[in-house]
Amino acid sequence: MDYDRLKTFQENIAKVIIGKPEVIKLTLVTFLARGHLLIEDVPGVGKTTLAMAFARSLQCSFKRIQLTPDLLPSDIIGVSIYNQKSKEFEFMKGPIFANIVLADEINRATPRTQSALLEAMGEKQVSVDGVTHKLEDPFFVVATLNPVEYHGTFPLPEAQLDRFTMKIRIGYPDFAEEKTVLEHQQYTHPLDHVKSQFEIQEMFKIQEEIKSVKVSNPVYDYILKIVEKTRNSDKTILGASPRGSIALYRTCQALAFLSERDFCLPDDVKKLASQVLAHRLIIHPRFAHNGITNEMVMQEILEEIEVPI
């Protein structure tokens, strides 16, 4: 087992993202579950740095896409260009063709450009001029979202949000942690010292190994009861999808593996339910106007449903 190396992997990233071990673990859980991650937080807390540190800890291909309103789908996917010598069209791959793709400020792209990511994230392929092109495997999208600025931004549609396995926030560091951040920035950026810990094919094998983590019937039922409650709650217009059920199931397997277990516990489900399901809900306007958030609804649901023993 690679438990010790996975711990070292997280410690390596923790040298850059100070005081946020849980954020680093959730990022790794999402990757091991073969999902995609959405990071929503205010500017300057390390969203982009987290993705870059993660990529540098792996020997893999990495591309960053800075999304803007004038960006076109072809700027992400690629385009067919006519070669005068061969007299044939050649497909020039876009930045989506990488193991880890950072989609920075995804809500600044137009809905048309956002939709270019839908097929890639859902099917791990893109279609150009009627031809399907497979993406690299593993394929991991980390998208950042700024919740503060609304000028020149486009809200993510429900179909796009549902493609993200998990949505997390980083938050501000405390006084001591921020002092450490300043000290580490004195001469060079900490990213310059991040070393590769795994080859991408090693991580691919771990992703496959995680599928064998056992999930008992009571844990299955617990997952499904939570998802069903999101659909039947009087506070929601739209509950979690079956894709959300699968995402919670897979991330629980990954979390159990990182906890050095070959079986899932109900506590794994309870710990991850909000990050995996909350962003998939649509709250009824009369509750949303009163300040009720998706996370609050998820917390209420978790308190209502009995945890299996």
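The values are calculated or read from the model by the stated rules, or taken from the named source; none is laboratory data. The structure displayed is predicted, hence computed values, not measured ones. Note that we place each Cβ from the backbone using ideal geometry, even for glycine, and neighbour counts take in every protein chain shown.
Scanning the stretch 249-265 for residues that are farther than 14 Å from residue 38 by Cβ, in contact with a Ser or Thr (Cβ under 9 Å, 6 or more places away or on another chain) and not charged (D, E, K, R) gives 253, 254, 263, 264, 265. Residues in the stretch 164-192 that are closer than 20 Å to residue 295 by Cβ and part of a loop (DSSP other than H, G, I, E, B): 164, 165, 169, 170, 171, 172.
Just checking, does the stretch 54-61 include any residue being under 16 Å from the mean Cα position of the chain (by Cα), of a type outside the set (S, T, N, Q) and surrounded by 15 or more Cβ atoms within 10 Å (Cβ to Cβ)?
Narrowing the stretch 54-61 to residues under 16 Å from the mean Cα position of the chain (by Cα): 54-55.
So of that shortlist, the ones also of a type outside the set (S, T, N, Q) come out as 54-55.
Next cut, surrounded by 15 or more Cβ atoms within 10 Å (Cβ to Cβ) only: 54-55.
For the stretch 54-61, residues under 16 Å from the mean Cα position of the chain (by Cα), of a type outside the set (S, T, N, Q) and surrounded by 15 or more Cβ atoms within 10 Å (Cβ to Cβ): present.
Restricting the stretch 73-129 to residues that are in a loop (DSSP other than H, G, I, E, B) and out of contact with any strand residue (DSSP E or B) (no Cβ under 9 Å at 6 or more places or on another chain), the residue that is modelled with the highest pLDDT is 110. Residues in the stretch 134-149 include at least one that is among the small types (Gly, Ala, Ser), touching a helix residue (DSSP H, G or I) at 6+ places or on another chain (Cβ under 7 Å) and either outside any helix (DSSP H, G or I) or in contact (Cβ under 8 Å) with a residue 60 or more places away in the chain (or both). For the stretch 147-156, the criterion of being of a type in the set (Asp, Glu), more than 19 Å from the chain's Cα centre (by Cα), surrounded by fewer than 19 Cβ atoms within 10 Å (Cβ to Cβ) and in the same structural domain as residue 59 (by TED's automatic domain parsing) is satisfied by at least one residue. For the stretch 296-309, the set of residues classified as surrounded by fewer than 16 Cβ atoms within 10 Å (Cβ to Cβ) and not β-branched (Val, Ile, Thr) consists of 296, 299, 300, 303, 304, 306, 308, listed by residue number.
Condition first: part of a helix (DSSP H, G or I) and in contact with a helix residue (DSSP H, G or I) (Cβ under 6 Å, 6 or more places away or on another chain). Now tell me which residues in the stretch 28-45 satisfy that. Across the stretch 28-45, the qualifying residues are 29, 32. If you filter the stretch 259-295 down to residues that are surrounded by fewer than 20 Cβ atoms within 10 Å (Cβ to Cβ) and basic (Lys, Arg), you find that the one that is modelled with the lowest pLDDT is 286.
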